[in-house]
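Report on one structure; see the data block that follows.
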Amino acid sequence: MKNASHGDTADTTGTVADLTRATLAVTAGRPARTQGAPVNPPVVLSSTYHSEGTPGPGEKLYTRIDTETWAPFEDAVAALESASESGVVFGSGMAAIAAVMSFVPDGGRLVVPRHAYQVTLGFADDLAARHGVTVVRVDVADTAATIAQLEGADLVWIESPTNPMLEVADLPALIDAAHAAGALVAVDNTFATPLVQRPLEAGADVVVHSVTKYLAGHSDVVLGIAVSSSAHLTSLLRAYRTLHGAIAGPWEVWLALRGLRTLALRVERAQSNAAEIARRLAAHPAVAEVRHPSLPDDPGHEVAARTMDGFGAIIGLRPHGGREAADAVVQAVHLWVPATSLGGVESSLERRRRFATESLTVPEDLVRLSVGVEDIDDLWADLDQALVRSTQTPQTSAETTPDA
Ligand SMILES: *Cc1c(COP(=O)(O)O)cnc(C)c1O
């Protein structure tokens, strides 16, 4: 289902009603195709607008409320997510998440994945501590166990694949069950991107993204967005943004839209790199476990193959040798970037439990790899030498140390 309401493209060419997402990433949110108009939307730098008297509907007044630079990006992400309403851009992924979490009433019930972005889980804990919200943590890969916890829920929060464990949720099944239990469903689609998974098509009420990651794609902006097909929920999100001042700067939104133009190319390349690296890691003698839904024996493979259009580009890696070996891998890479965050063109990695706030059920030796768009053989050569070095005992390294 494509969106006439987001299709400057569809409206103005007349012949492109059914564009694919790879094309929409390039075309959505462009200015109208009129003679002399710019091909890209302008960046408007103004905190206020000429205005007097009673403001007309939609009239721009003040940039915390609305500004022209947001709409092209909000429309483009909505088109990619098959939303019938425009998206609502926020100053960060967490600001978008906080806005959606405001749908949980004080004393309400919130279901969250046991593994998810750690600040999302921290936010849920804060709702429990300060607003009397009952927070229930579930294993989203266990459909029956999750469904058993949905009764009385106000909001079911799903992340899939989960950060950093790569558990895959059966989104259509969980969304149907959550709606039957009377709950709203929000899906953090940051890992998958709308090219790989479209939760709104499966019936989710809201999708959020850390735009910081794949949508912007170049590790140069922090930004978030929430998208819904409900006009009511969208107006609540806009009102939240205005009340809390959780707004995005125009330059960041413009950069994100520029990054979005190459989303399909980046995701295709990153995914094919990730699948190949996962396959090679699974056969590597220094590797104890590798998680990527592309692997035929991965616990998430069946559900991912059935419900997603790809497998994403994040890999979970546990080397032999525990936490020390994991740290050694991160220290030994030259091309891969040791850093938090993910979804940039550059490949990066980190041991997640280096953060005291990471879930204690995440293994100490889990290294999360964000696979980028570099050449596969360069990526593999660097990772392979780092893994080999991680297995070398101190004695071996002493032997190779040049000395008298
Ligand atoms: C990074 C991330 C967030 C938070 O987004 P920010 O832009 O850093 O605020 C939320 N969810 C997931 C899955 C993330 O990876």
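Taken together, the values in this text are just the output of simple stated rules run on the coordinates, not laboratory data. These numbers were taken from a predicted model, which means no experiment stands behind them. With ideal geometry, Cβ positions are generated from the backbone for all residues, glycine too; neighbour counts draw on all protein chains shown.
Relative to the longest principal axis of the C-alpha atoms of the chain, give the angle of the C-alpha long axis of helix 171-180, reported between 0 and 90° and rounded to the nearest 10°.
50
Ranked by Cβ crowding within 10 angstrom, fewest neighbours first, how are Met101, Met308 ordered?
Numbers: Met101 23, Met308 20.
The order, fewest Cβ neighbours first, is Met308, Met101.
What does the net charge come to around Phe103 if you take all other residues with beta carbon closer than 10 Å to its beta carbon, with K and R at +1 and D and E at -1? Provide the component values of the computation, followed by the final result.
Numbers: positive: none; negative: Asp154, Asp205.
Once positives and negatives cancel, what remains is -2.
Comparing Asp378, Asp139, Asp365, which has the greatest mean-square fluctuation in the GNM of the chain with Cα pairs linked when under 10 Å apart?
Checking each option, the largest mean-square fluctuation is seen for Asp378.
Could you identify which residue out of Thr357, Thr54, Thr69 has the top mean-square fluctuation in a GNM of the chain using Cα springs shorter than 10 Å?
Thr54
Send over the semi-axes of region 20-112's equivalent ellipsoid, whole angstrom and largest first, taken as the square roots of 5 times the C-alpha gyration tensor eigenvalues.
Details: eigenvalues 162, 99, 24 Å².
So the equivalent ellipsoid measures 28, 22, 11 Å along its semi-axes.
Please give the calculated 222 nm ellipticity per residue for the chain, where each DSSP H segment of at least 4 residues contributes -39500 (n - 2.57) and the sum is spread over every residue; nearest 500 deg cm²/dmol?
Per the formula, -11000 deg cm²/dmol.
Give, in nm to one decimal, the length gained when the segment between Trp251 and Asp378 is fully stretched (0.36 nm per residue of separation minus the Cα-Cα distance). Write out the running numbers ahead of the final one.
Working: separation 127, 0.36 × 127 = 45.72 nm, distance 3.33 nm.
Length gained between Trp251 and Asp378: 42.4 nm.
If I stretch the segment between Glu68 and Ala37 completely, what's the gain in nm (0.36 nm per residue apart, minus their alpha carbon distance), one decimal? The partial results should precede the final answer.
Values: separation 31, 0.36 × 31 = 11.16 nm, distance 1.53 nm.
Gain on stretching Glu68 to Ala37: 9.6 nm.
Taking the Cβ of Leu342 as the center, what net charge do the other residues with Cβ under 10 Å away carry, scoring Lys and Arg +1 and Asp and Glu -1? If you can, show how the numbers build up before the last one.
Values: positive: Lys213, Arg368; negative: Glu350.
So the environment of Leu342 carries a net charge of +1.
What FRET efficiency would be calculated for the residue pair Glu201, Thr23, taking the C-beta separation as r and a Förster radius of 25 Å, to the nearest 0.05?
For R0 = 25 Å, the calculated efficiency reads 0.90.
For Asp176 paired with Thr340, estimate the spin-label separation in nm (one decimal), with each label point 7 Å from Cα along the Cα-to-Cβ line.
With each label point 7 Å from Cα toward Cβ, the separation is 3.9 nm.
I need Phe355, Phe103 ordered by Cβ neighbour count within 10 Å, fewest first.
Sorted ascending by nearby Cβ count, the order is Phe355, Phe103.
Return the FRET efficiency for the residue pair Thr48, Arg354: r is the Cβ-Cβ distance, R0 is 30 Å, and the value is rounded to the nearest 0.05. It would help to have the intermediate numbers written out before the result.
Working: r = 45 Å, r/R0 = 1.49.
Plugging the Cβ-Cβ distance into 1/(1 + (r/R0)^6) gives 0.10.
GNM on the chain, C-alpha springs below 10 Å: top fluctuator among Ser359, Ser341, Ser46?
Ser46
Given a Förster distance of 35 Å, report the FRET efficiency between Ala145 and His244 from their Cβ-Cβ distance, rounded to the nearest 0.05.
Details: r = 35 Å, r/R0 = 0.99.
That gives a FRET efficiency of 0.50.
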